[in-house]
Amino acid sequence: MAARMSLSSLAMALLALSASLAAVHGHTHHYHPRHSDPATGNVQPKNTQALPPISANAHLASYDTTPSLQVLGDVTHTNITGAHFTFHGFRDALSNATAAPLNFTVIKASTAEFPALKEQSVSYALLSFPPGSVNPMHTHPRASELLLVVDGALSVGFVDAAGKVYTQDLAAGDMFVFPKGTVHWQYNKGSVPAKALSAFGSAAAGLVSVPATVFGTGIDDDVLAKSFNTDAATVQKLKAALTLHK
């Protein structure tokens, strides 16, 4: 039977995941100019003004609660409640009562689906993998991806800028990071379903599918044939197969 994370373990993992992203995006370096003491020749830091204490509500300071449609979508500051900052889109997919999908599926929680994420530099996606399914090769141009397997097992990998391939087999509770902009994939080569949560360091990470971009955007058959050292007939077969699986 495939391993499955308990709800408490999942909650702790999500807290750690969010803290990791916050640390990455919240870390700053402070530069303090230095000068030489003419009397001793020792290098001393120049006088710097003391920073004010951080308010307990400082983490809310960056969230604009004015009636800006650009930030808050269709709500205004007069009717904002906790519901605006809540997303329920993963409930059904994580429920034991919900049947496993027949094909690979992804449920996104980005600014498009969850407007409260705008300008917050974070988003999630819930990935569901039936046995033998794959999340095809793709990239996220605006963010790295931190994947947490919550049920079952996955084989994952990415290719770096030098062309080196990194792969790993993951079980429930394991994490794997896909660096920003790298071509990567996830594959359920087992006989039971698998689920994973992906966290992104952007509220709109973007997605570029390699198969769809190469064979589904109308690039000339001859260009593709020469690029892959094959013939136009083979390219047409690949295009037809991609169309059938959309």
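Given the structure, is PHE90 among the aromatic types (Phe, Trp, Tyr), modelled with pLDDT under 95 and out of contact with any Asp or Glu (no Cβ under 8 Å at 6 or more places or on another chain)? Talk me through it step by step, then tell me what you get.
Numbers: among the aromatic types (Phe, Trp, Tyr): yes; modelled with pLDDT under 95: yes; out of contact with any Asp or Glu (no Cβ under 8 Å at 6 or more places or on another chain): yes.
It is true that PHE90 is among the aromatic types (Phe, Trp, Tyr), modelled with pLDDT under 95 and out of contact with any Asp or Glu (no Cβ under 8 Å at 6 or more places or on another chain).
The conditions of being open to solvent by less than 40 Å² (accessible area, probe 1.4 Å), modelled with pLDDT of 95 or more and over 19 Å from PRO101 (Cβ atoms) are not met by LEU154. Scan the stretch 117-132 for residues that are buried (at least 20 other Cβ atoms within 10 Å of the Cβ) and of a type in the set (Gly, Ala, Ser) and report the count. Of the residues in the stretch 117-132, 3 are buried (at least 20 other Cβ atoms within 10 Å of the Cβ) and of a type in the set (Gly, Ala, Ser).
Yes or no: the stretch 147-161 includes at least one residue that is of a type in the set (Ser, Thr, Tyr) and either under 26 Å from SER95 (Cα atoms) or in contact (Cβ under 8 Å) with a residue 24 or more places away in the chain (or both). Within the stretch 147-161, one or more residues are of a type in the set (Ser, Thr, Tyr) and either under 26 Å from SER95 (Cα atoms) or in contact (Cβ under 8 Å) with a residue 24 or more places away in the chain (or both).
For the residues LEU238, LEU197, LEU224, the requirement of being in a helix (DSSP H, G or I) and open to solvent by less than 30 Å² (accessible area, probe 1.4 Å) singles out LEU224. Kindly establish whether VAL149 is buried (at least 20 other Cβ atoms within 10 Å of the Cβ) and of a type in the set (Val, Ile, Thr). In short, yes.
Between ALA233, ALA204, which is open to solvent by 50 Å² or more (accessible area, probe 1.4 Å) and either more than 24 Å from ASP151 (Cβ to Cβ) or modelled with pLDDT of 95 or more (or both)? It would help to see each step written out before you state the result.
Working: ALA204 fails: open to solvent by 50 Å² or more (accessible area, probe 1.4 Å).
Only one candidate passes the filter, namely ALA233.
How many residues are closer than 28 Å to VAL192 by Cβ and open to solvent by 50 Å² or more (accessible area, probe 1.4 Å) when one looks only at the stretch 133-146?
Our first condition is that a residue be closer than 28 Å to VAL192 by Cβ; within the stretch 133-146, this holds for 133-138, 140, 145-146.
Right, trim to open to solvent by 50 Å² or more (accessible area, probe 1.4 Å) and you get 134, 136-137.
Number of matching residues: 3.
Considering each residue of the stretch 77-120, count those that are part of a loop (DSSP other than H, G, I, E, B), more than 22 Å from PHE200 (Cα to Cα) and out of contact with any strand residue (DSSP E or B) (no Cβ under 8 Å at 6 or more places or on another chain), and give that number.
12
For the stretch 167-190, does any single residue satisfy the condition of being surrounded by fewer than 16 Cβ atoms within 10 Å (Cβ to Cβ), assigned to a strand (DSSP E or B), small (Gly, Ala, Ser) and at pLDDT 95 or above? Yes, some residue in the stretch 167-190 is surrounded by fewer than 16 Cβ atoms within 10 Å (Cβ to Cβ), assigned to a strand (DSSP E or B), small (Gly, Ala, Ser) and at pLDDT 95 or above. Note on the stretch 128-153: residues that are among the aliphatic types (A, V, I, L, M), within 13 Å of the chain's Cα centre (by Cα) and part of a strand (DSSP E or B) total 3. The residues of the stretch 225-245 that are free of Cβ contacts under 8 Å to residues at least 12 places away in the same chain and among the basic types (Lys, Arg), listed by number, are LYS226, LYS237.
The values are calculated or read from the model by the stated rules, or taken from the named source; none is laboratory data. As the structure is a computational prediction, the values presented were derived from the model and not from experiment. Neighbour counts are summed over all protein chains in view; Cβ atoms, including those assigned to glycine, are modelled from backbone coordinates with ideal geometry. The area values use the complete protein model at the heavy-atom level, side chains included, leaving out ligands, DNA and RNA. Shrake-Rupley method; radii C 1.70, N 1.55, O 1.52, S 1.80 Å.
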